[in-house]
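The values are calculated or read from the model by the stated rules, or taken from the named source; none is laboratory data. In this text the structure is predicted, and so the values were computed from the model without any measurement. Heads up, the Cβs are rebuilt from the backbone with ideal geometry, glycines too, and the neighbour counts pull from every protein chain shown.
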Amino acid sequence: MSQTKWRSDRLSQLGSSIFAEVAAWKLAAVESGLDIIDLGIGSPDQPPTPAVRLALSDAALRSDMYAYPATRSGLPFRQHAAAWMKHRFNVELDAASEIVTLLGSQDGLAHLAMALCDPGDMALLPNPGYPIYAASLALAGVECKLMPLREENGYMPDLDAIPDEDWDKATFILLNYPNNPISTVADLAFFERLLDKARQHGVLVVHDLAYSEMGFDGCEPPSILEVPGAIEQAVEFHSLSKSFNMAGCRIGFLAGNKAAVGALRELKANIDYGVFDPIQEAGIVALQEAISNTELPKAGKLYEQRRNIFLDALRTEGWDVAAPKATMFVWAQLPPMQWTMDVPWTSRRISQEMLKATGVVVVPGEAFGSEGEGYVRIALVESEERLQEAAQRIGRFIRGQ
Ligand SMILES: Cc1ncc(COP(=O)(O)O)c(C=O)c1O
């Protein structure tokens with residue numbers, strides 16, 4: 001009898017197995033009785049505002065909210081997304097044709113290559129990069145060319161180092177600023193250069209702006225769509241997950257070029273029936289509040305305070321880490337270890353040994369691509385007290401105590 005495997009080879013190409021490994025290390029640490037401080041996954045630890053939660057529960061009680069969302073136009077959410085884009089970035093969008101609602105931006109990112117490319121096409125991705133980018137290409141049979149993001153270039157891609165033949169072959173180039181995992185930001189001058197280059201070669205620019213409301217030290221991360229004429233050449237992903245603490249309430253949107261937005265909408269019309277209407281109602285309230293309530297602190301405020309406290313505490317412990325400019329992540333070069341093992345200290349080895357010894361979960365940089373080796377990513381998703389406690393435990397680990 002022939003062996004049936006019931007598992008596609010494609011699954012093995014989906015992202016790094018390191019996340020599963022980290023989960024297994026964590027489980028073992030829990031079983032060994034350690035008190036876990038999980039700074040692994042970037043899921044906000046705060047709830048949405050009371051008004052957002054009320055909108056969700058009110059809508060959930062309505063009897064007319066349980067049809068397939070696709071049976072309605074879904075236009076109100078998109079209109080509010082357009083109003084917010086105008087308010088926040090001064091970008092004008094046609095809600096009907098230049099915005100598509102997503103079940104979180106992950107949904108759009110996962111399906112993007114399938115909507116835009118054919119098997120054998122090619123796209124340019126950052127290394128390190130958020131894992132779904134490469135997974136989306138693997139699902140669609142699209143070739144991936146990686147652009148290294150290195151410290152010597154300010155963690156920006158060297159656009160002129162990409163060979164012309166790659167620019168000519170690429171369907172799209174995907175970038176993400178504020179960046180996960182690196183936590184750097186881009187300015188409009190960079191986006192202008194990127195768009196010029198992309199225009200010369202007929203390449204679509206895809207920008208992932210999931211962390212738009214998480215700039216620190218007064219930084220307001222820009223939208224690529226602010227560049228005049230960008231809509232001819234670009235689309236941008238937005239997420240309510242981090243901006244409004246709605247990660248479990250799956251909603252986001254893609255905005256920009258009509259043809260690319262339309263392609264994703266057409267693909268999704270064949271795959272899902274849209275975002276649960278009460279979630280759309282909650283999303284509308286989150287966007288309305290952001291527009292009308294100038295007193296409402298931005299999501300980044302909390303993480304900026306945590307960054308300051310955590311980095312100070314780490315410095316006291318002898319680990320001096322570069323300060324992130326945005327997001328909820330610290331992208332840290334490996335600590336100055338004061339003891340040795342029989343194998344070299346890699347990002348994976350340090351993360352594993354640190355978790356075993358301290359109960360503090362961090363993600364090895366290698367999980368985001370080969371350029372992530374030499375770093376760990378630390379998510380600021382615990383209280384200030386717990387972050388200080390984590391820093392002290394890490395200090396003892398570095399000293400081998
Ligand atoms: C860079 C980036 N893009 C997209 C997402 C997906 O966000 P969501 O699907 O919750 O909108 C994340 C989540 O962590 C992210 O870090």
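Does the range 356-392 hold any residues that are assigned to a helix (DSSP H, G or I) and under 27 Å from LEU146 (Cβ atoms), and which are they?
Applying the first criterion (assigned to a helix (DSSP H, G or I)) to the range 356-392 yields 356-358, 365-368, 370-372, 384-392.
Answer for the range 356-392, where residues must be assigned to a helix (DSSP H, G or I) and under 27 Å from LEU146 (Cβ atoms): GLY365, GLU366, ALA367, PHE368, SER370, GLU371, GLY372.
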Legend entry - Criterion violated by SER347 - all others in (1) touching a strand residue (DSSP E or B) at 6+ places or on another chain (Cβ under 7 Å); (2) among the polar types (S, T, N, Q); (3) at pLDDT below 95 satisfied: (3)
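Here is a list: ALA67, ALA23. Which entry is out of contact with any helix residue (DSSP H, G or I) (no Cβ under 7 Å at 6 or more places or on another chain) and not in a helix (DSSP H, G or I)? Break it down stepwise before answering.
Values: ALA23 fails: not in a helix (DSSP H, G or I).
Testing whether each residue is out of contact with any helix residue (DSSP H, G or I) (no Cβ under 7 Å at 6 or more places or on another chain) and not in a helix (DSSP H, G or I) leaves just ALA67.
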Inset, instruction - Output the number of residues of the range 115-131 satisfying the condition of being surrounded by fewer than 20 Cβ atoms within 10 Å (Cβ to Cβ) and either at pLDDT 95 or above or more than 14 Å from the ligand (Cβ to nearest atom) (or both). - result: 6
Legend entry - Every pair of residues 6+ apart whose Cβ atoms lie under 9 Å, when the first sits in the range 127-149 and is over 13 Å from ALA110 (Cβ atoms) and aliphatic (A, V, I, L, M) while the second is assigned to a strand (DSSP E or B) and away from the ligand (no atom under 16 Å from the Cβ): LEU146/LEU124; MET147/LEU124
Inset, instruction - State all residues of the range 266-289 that are surrounded by 22 or more Cβ atoms within 10 Å (Cβ to Cβ) and among the small types (Gly, Ala, Ser); if no residue qualifies, say none. - result: ALA282, GLY283, ALA286
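When you look at GLN106, is it more than 15 Å from GLY256 (Cβ to Cβ), of a type outside the set (D, E, K, R), surrounded by fewer than 24 Cβ atoms within 10 Å (Cβ to Cβ) and under 14 Å from the mean Cα position of the chain (by Cα), yes or no? Before the answer, list the steps.
Numbers: more than 15 Å from GLY256 (Cβ to Cβ): yes; of a type outside the set (D, E, K, R): yes; surrounded by fewer than 24 Cβ atoms within 10 Å (Cβ to Cβ): yes; under 14 Å from the mean Cα position of the chain (by Cα): yes.
Judged against the criteria, GLN106 is a match.
Got at least one residue in the range 170-191 being assigned to a helix (DSSP H, G or I) and of a type in the set (S, T, N, Q)?
Within the range 170-191, the first condition is being assigned to a helix (DSSP H, G or I), and the residues that meet it are 188-191.
From what is left, the residues that are of a type in the set (S, T, N, Q) are none.
No - not one qualifying residue is present in the range 170-191.
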Inset, instruction - Might you check whether a residue that is hydroxyl-bearing (Ser, Thr, Tyr), within 30 Å of ILE398 (Cβ to Cβ) and outside the structural domain of GLY42 (by TED's automatic domain parsing) occurs anywhere in the range 220-233? - result: no
Inset, instruction - Answer yes or no as to whether ARG10 is surrounded by fewer than 15 Cβ atoms within 10 Å (Cβ to Cβ), more than 16 Å from the ligand (Cβ to nearest atom), more than 22 Å from the chain's Cα centre (by Cα) and farther than 30 Å from VAL227 by Cα. - result: yes
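Can you tell me which residue is nearest to the ligand (Cβ to nearest atom) among those in the range 220-265 that are of a type in the set (D, E, K, R) and surrounded by fewer than 20 Cβ atoms within 10 Å (Cβ to Cβ)?
Let us first name the residues in the range 220-265 that are of a type in the set (D, E, K, R), namely 220, 226, 232, 236, 242, 250, 258, 265.
Filter again for surrounded by fewer than 20 Cβ atoms within 10 Å (Cβ to Cβ), leaving 220, 226, 232, 250, 258, 265.
Values: GLU220: 18, GLU226: 19, GLU232: 24, ARG250: 7, LYS258: 22, ARG265: 17 Å.
Top of the filtered list is ARG250.
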Legend entry - Test: residue in the range 93-100 that is within 15 Å of the ligand (Cβ to nearest atom), under 16 Å from VAL206 (Cβ atoms) and either in the same structural domain as PRO222 (by TED's automatic domain parsing) or crowded, with 19+ Cβ neighbours inside 10 Å (or both): yes
Inset, instruction - Only one of these is touching a Leu at 6+ places or on another chain (Cβ under 8 Å) and assigned to a helix (DSSP H, G or I): ALA255, ALA263. Name it. - result: ALA263
